[in-house]
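What follows is calculated from the coordinates using simple rules that are stated; it is not laboratory data. Quick caveat: nothing in here was measured; it's all calculated off a predicted structure. As a convention, Cβ positions derive from the backbone with ideal geometry for all residues, glycine included, and neighbour counts pool all protein chains shown.
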Amino acid sequence: MRETAAAFVRDVVRPAAAGWDEAGAYPREAVAASGLTGLFCPTGYGGAALGYPAGMEVFEELGRGDAALAFSLSMHNAVAAVVAGCDDAALRERWAGELAAGRALGGFSLTEPHAGSDATAITTRAQKDGGRWRVSGRKAWVSLAGEADLFLVVCKTADGPGHGDIAVVAIERRADGVSFPRRYRTAAAAFLPIGEMELAGAPATMLVPPGAGMRAALGAIDVARCDIAAIACGLHAEALDIALRYARGREAFGAPLLALDTMRFALADVLTDLEAGRLLYARAAERLGTPAGPTAVAHAKRFCPDAALRAAIACSEALGAYGWLDDTPLPRFISLAKMLQVVDGTAEVQRLVIGRELERMAETTDPTRP
Ligand SMILES: Cc1cc2nc3c(=O)[nH]c(=O)nc-3n(C[C@H](O)[C@H](O)[C@H](O)COP(=O)(O)OP(=O)(O)OC[C@H]3O[C@@H](n4cnc5c(N)ncnc54)[C@H](O)[C@@H]3O)c2cc1C
């Protein structure tokens, strides 16, 4: 699957990405033909049934091409895996095969205009109407807004504060009461539709029951955070390759740039960060689904996008003025690395998770020692 992803990046993404941006249209057909839409789904639904470590290698390859497209595939694959593993047989049979084949796309709606990092502050509300759940509220930062066919929506089922009543429901894009009133103008990747989703009594299928929703959402987000760390490493590795190609061929003061110690020192740090990032996401992938998973993922998500941004800037500088031209993807990479810092939880949110681990560690220290 890693080679499939590398071929997809080489043959499809790199030649076409600029055109997708100009058209402002999500490349649905290319994504469906990629063979990368059912990475974690069982083979019975046409998926690849990958384990997390193998899946993350696929995401690193995708990050070499376009981090925004890779992010959309991360979200889609998470949704496809949840639907393929859900208890609702009708929903599973209707959607799992379609999502795994890429004929349908999946989206995930948690964030609201007033609630981002503090996800427990969401107010989108599901209510029973006869035998059927209906959902009302406004979601923000919905990726694949208006494009995905099935959205997993995190919502409340009671009016009180807190997350004791939170559930996850599935809502079809074409259902009554679903609209996408606003599309954002973003700094890069104009092909990826991101915007607001309005829900006005939209019919929904209960996927994760009230009370279990926040834990289930955080489990899915942990996988997505690990994907993002791997995608960041792909962007990082590609930026370094571009800088090395240039620094090997460009001469200054009678020698290739790469012969200058100052250039080597700058790129040495880029390579050390890449090695560290790869180890962090690989270890996190092995720990996903275990009690050690959330902290391992937080370390990787905290480190890798920041390192990718540093790398994209350093590699752009290695090209001098040429690093600022649109002839290279480096200006775009800088913007996409910024995006990777925020999606699926900022570095500060990861530090909150790591902070809880620090508290646990502190409890096991010996108070009698200085
Ligand atoms: C490209 C893109 C695509 C996205 N796609 C989706 C999607 O498909 N579905 C979805 O549900 N969401 C999506 N999001 C939303 C994303 O998950 C949120 O943007 C993210 O969780 C941060 O929330 P916020 O932007 O509201 O920032 P806020 O929560 O308002 O935070 C603002 C700043 O305050 C800091 N901060 C917040 N709390 C603390 C704290 N306790 N301590 C210290 N600092 C703090 C943050 O780190 C940040 O720097 C997307 C975002 C982007 C950029």
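Listed peptides 231-238, 113-120 appear in the order 231-238, 113-120 once ranked by packing, highest mean of other Cβ atoms within 10 Å at the front. Calculated [222 nm] ellipticity per residue, helices only, for the chain: -17000 deg cm²/dmol; basis is -39500 (n - 2.57) per DSSP H run with n ≥ 4, divided by all residues, nearest 500. In the chain, excluding the sites themselves, the longest stretch lacking any of the trypsin sites (Lys or Arg not before Pro) that are in a DSSP loop with at most 11 other Cβ atoms within 10 Å is 186-370.
Of the complete DSSP H runs in the chain, those spanning 27 angstrom or more by Cα along the long axis with a mean Kyte-Doolittle score not below -0.5 are 213-249, 261-287, 293-318.
Remark: the Ala158-Leu358 segment gains 68.6 nm on full extension, using 0.36 nm per residue and subtracting the alpha carbon distance.
Take every DSSP beta bridge whose two residues both sit in the chain; close to 85 percent of them are antiparallel. Taking a point 7 Å out from the Cα of Thr4 in the direction of its Cβ, none of the residues of the stretch 220-258 has a backbone N less than 15 Å from it.
Here the stretch 308-360 and the stretch 230-284 have alpha carbon centers that stand 14 Å from each other.
Remark: the stretch 107-210 is approximated by an ellipsoid whose semi-axes, taken from the C-alpha gyration tensor as √(5λ), come to 23, 16, 10 Å, largest first. What you get for the stretch 4-81, charging only the Cβ of Lys and Arg (+1) and of Asp and Glu (-1), is a dipole of about 120 debye around the Cα centre.
Each peptide in 159-168, 187-196 gets a packing score, the mean of other Cβ atoms within 10 Å over its residues, and the list from highest to lowest is 187-196, 159-168. Once the Cβ-Cβ distance of Arg248 and Ser136 is raised to the sixth power relative to R0 = 45 Å, the FRET efficiency obtained is 0.15. First select every other residue whose beta carbon is under 9 angstrom from the beta carbon of Arg173; then total the charges, Lys and Arg +1, Asp and Glu -1. With Lys, Arg at +1 and Asp, Glu at -1, the neighbours total -2. Between Gln127 and Ala276, the simple label model (points 7 Å from Cα in the Cβ direction) yields a spacing of 5.2 nm. Taking 7 Å steps out from each Cα toward its Cβ at Ala33 and Arg283 produces label points 4.2 nm apart. Comparing Leu99, Leu260, Leu73 in a Gaussian network model of the chain (Cα springs below 10 Å), the most mobile by mean-square fluctuation is Leu260.
Which one of Ile313, Val135, Cys233 is farthest out on the positive end of the charge dipole of the chain, using unit charges on Cβ (Lys, Arg +1; Asp, Glu -1) and the Cα centre as origin? So the residue furthest toward the plus end is Val135.
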